[in-house]
Ligand SMILES: Cc1cc2nc3c(=O)[nH]c(=O)nc-3n(C[C@H](O)[C@H](O)[C@H](O)COP(=O)(O)OP(=O)(O)OC[C@H]3O[C@@H](n4cnc5c(N)ncnc54)[C@H](O)[C@@H]3O)c2cc1C
């Protein structure tokens, strides 16, 4: 049996795409390699956006969120200065699993078939088109359209020519309780190369603390790989090495350590967030469309990818319905890429990469004496409230 759409991956990209496609009357199958959604806690903060309500209903985020904050504080390298902002809308802070399970249950209500424990191993091609996928059990799932939503190291993305070294940035995080903080908003710590004596060649990084209320928090560090030219990213620490850096920050880094060193850690893990660059062709083989982390659809400014996956899901489903897609060819594939590159979400994300990466490379990819940053922070602080 051939489906209208087969989606690889039950993360926010895959499930949001499934919901919009099913609502548009398409027959959708989602294949997920894990036995449950949201196994590794990925994004757990999100600013409000009408697309969330459209997908999940008006009360869903209020029900799963255990904190909301519009406050942000940014510390200069070395933490001698900070400035604070209050955003117009408060972000939600929630458990990743609650979001993915919520998306899954809406998808199922809309008639989507979700098969857990089904890893996509390879695409199936016929006459130059992708017409299905092979799963770990050796079965072929046929479909008119295959959507790759299997994340930052997508098997289908690699077949489409995506070089994940150009996109991916390592991230490590802990979930903890008992933090001691004088500030109820999200906090960001800019760490320039050469700051940590124990790690000679570390890249520029951002450490963060996201408060969950009652002294609980998500805290971690992400490497700013986007500040490093792609050819020189081979030495960026990831996995166990980045966890060591996080431990070091936890124990020694000014302000960050003061707030966290006595906290009880209930989770620790390292992963990847594709915010170092974007792959601009969402389709390189007719019949196969990439979305979400598979193409780096993440805001370079703060690592927000969830809302982007939802917005692109709506765009993708509309394209399939408006064009009555029954069979792909190269002309239709090129039309998809063209329309994708004119979509609001593509322009928003690619615009951030275009503006921010050169600034990050200029300011953060080298040793500066702290005093120059302190001065900059003082100037920015004069234009912002010290909340
Ligand atoms: C630690 C961390 C913190 C983050 N914080 C934020 C944040 O606060 N706010 C925000 O907006 N964004 C945040 N992000 C980014 C955000 O989580 C991602 O951009 C978003 O989850 C992308 O969704 P996705 O569905 O494309 O990929 P994923 O969420 O990675 O989902 C991919 C799914 O595909 C499955 N899969 C993988 N391979 C296969 C296969 N071969 N076959 C079948 N299934 C497969 C995986 O198991 C997974 O379920 C964070 C990311 C990380 C790692």
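A short reminder: the numbers here are calculations on the coordinates, not readings from a lab. These numbers were taken from a predicted model, which means no experiment stands behind them. Cβ coordinates were reconstructed from backbone atoms using ideal geometry, including for glycine residues, and neighbour counts include every protein chain displayed.
Using the Cβ-Cβ distance between residue 327 and residue 113 with R0 = 25 Å, the FRET efficiency computed as 1/(1 + (r/R0)^6) comes to roughly 0.70.
Potential lengthening of the chain between residue 182 and residue 125 amounts to 14.8 nm, from the contour at 0.36 nm per residue minus the alpha-carbon distance. Taking 0.36 nm per residue of sequence separation and removing the Cα-Cα distance, the residue 200/residue 214 pair yields an extension gain of 1.4 nm. Extent of the range 223-308 along its three principal axes (Cα atoms, max minus min coordinate, largest first): 53, 29, 22 Å. The length gained on full extension between residue 335 and residue 89, counted as 0.36 nm times the residue separation minus their Cα-Cα distance, comes to 85.0 nm. Across all directions, the average projected area of the convex hull around the alpha carbons of the range 13-86 is 7.9 nm². Considering only the Cα atoms of the range 268-387, their convex hull presents on average a projected area of 11.0 nm². As a proxy for reagent exposure, ranking 141, 68, 158 by other Cβ atoms within 10 Å from fewest up yields 158, 68, 141. Measuring r between the beta carbons of residue 241 and residue 299 and using R0 = 25 Å, the FRET efficiency lands at 0.50. Fraction of C-alpha pairs exceeding 33 angstrom in the chain: 31 percent, rounded to a whole number. As a test, work out the antiparallel percent of DSSP beta bridges whose residues both lie in the chain, rounded to the nearest 5. Once the DSSP bridges in the chain are tallied, antiparallel ones form about 70 percent. Its DSSP H runs of at least 4 residues, each contributing -39,500 (n - 2.57), put the calculated 222 nm mean residue ellipticity of the chain at -10000 deg cm²/dmol, to the nearest 500. With the gyration tensor restricted to C-alpha atoms of the range 40-142, the semi-axes of the equivalent ellipsoid amount to 39, 20, 13 Å, longest first. Mean silhouette area of the range 95-164, derived from the convex hull of its C-alpha atoms and averaged over all directions, reads 5.9 nm².
Any idea what the relative contact order of the chain is, in percent, if you count C-alpha pairs under 8 Å spaced at least 6 apart?
On the way: 850 pairs, mean separation 85.1, N = 387.
Value for the chain: 22 percent.
Working from label points 7 Å from Cα in the Cα-to-Cβ sense, the residue 59 to residue 378 distance is 5.2 nm. Normalised by the number of residues in the range 293-366, the mean separation of alpha-carbon contacts (under 8 Å, six or more apart) gives a relative contact order of 43 percent.
What whole-number distance in Å separates the alpha-carbon centres of the range 223-284 and the range 183-218? The two parts, judged by their Cα centres, are 9 Å apart. On a 0 to 90 degree scale, rounded to 10, what angle separates helix 12-23 from the longest Cα axis of the chain? It works out to around 40 degrees.
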